[in-house]
Amino acid sequence: MFKKKVTLKILLLLIASDILETAIHFLFKKSTLVFNQGQVTDLATMLVFLKVVFSSGFLWVGLLTVAAVFIIWSMVLSRIDLSVAVPIASFSYILVPVVSIIFLHERITALRWLGVFFVLAGVVFVSLSSKERTELAK
Amino acid sequence: MKQGLLVVLSLIALTSLCDTINQLLLKSTIDSLNFTPTLNIIKIFKFIFQLISQPRLWVGLVFSLISLCVWLVVLSKADLNFAFSADSMHYIFIALASRFVLKEKMGTRRWLGTGLIVVGIIFVSLS
């Protein structure tokens, strides 16, 4: 059974999920910064770490955003195939590094940006293959 | 960071794997419900109610909870921009799972795209 192509409505839902997705990762990163008792090395420190992180407000706002993205994804996945839907939600590959630089003061080397663009190019190729899929169906 | 790179990459692989299992379960649950996208709130709630009564969805949620806990450990060890790009290894798992578990057809473009993602992750990890 072959599902419908990506419509404008689905595209808009995916763009909304991109922006929310970026917010989720930023909020999660913020929540882990609350923990300042060294590195997680084993299960015992992991439990202490999770206890601290799960009492952070950032994490819970992030989880609420996850719920919103989950609902959007449920609607999207009922219309198009998983291997087509996932790659289109790729704008966050640019958004996350930008947010990392501006709000987390992370540094990104030229090689890493190159890597990011390779990943993005890969994602675009996979998205383009939704046409190919229709050809395969014939 | 350098010394822990392998540990971080392994942890990212673990979250990606849990995510892929979750996505597969979600996809098969939704396929079984035959839902068509709508802005009708009542229909959406009815759909959500149908969804949460599926056991497969809950198994998927357990996997996403494990994935979340491991992901938080990853974020505590690595920069967000690195972790996020490296996490795209779930595309590789999802491509393989779509092909071999869901039996979706995969053309050359899609395989090529997946290959580019692999190269991208290598570059991101090297820097």
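The values are calculated or read from the model by the stated rules, or taken from the named source; none is laboratory data. Model, not experiment: these values are computed from the prediction. Reconstructed Cβ throughout: ideal geometry from the backbone, glycine too, with neighbour counts over all protein chains shown.
Details
- Looking across region A:57-68, just one residue is surrounded by 19 or more Cβ atoms within 10 Å (Cβ to Cβ) and either over 13 Å from B:L68 (Cα atoms) or touching a strand residue (DSSP E or B) at 6+ places or on another chain (Cβ under 7 Å) (or both), and that is A:T65.
- The number of residues in region A:65-105 being outside any helix (DSSP H, G or I) and either closer than 18 Å to B:I44 by Cα or modelled with pLDDT of 90 or more (or both) comes to 4.
- Residue check for B:L126: at the interface with chain A (Cβ under 7 Å from one of its Cβ atoms), exposed (fewer than 15 other Cβ atoms within 10 Å of the Cβ) and at pLDDT below 90: yes
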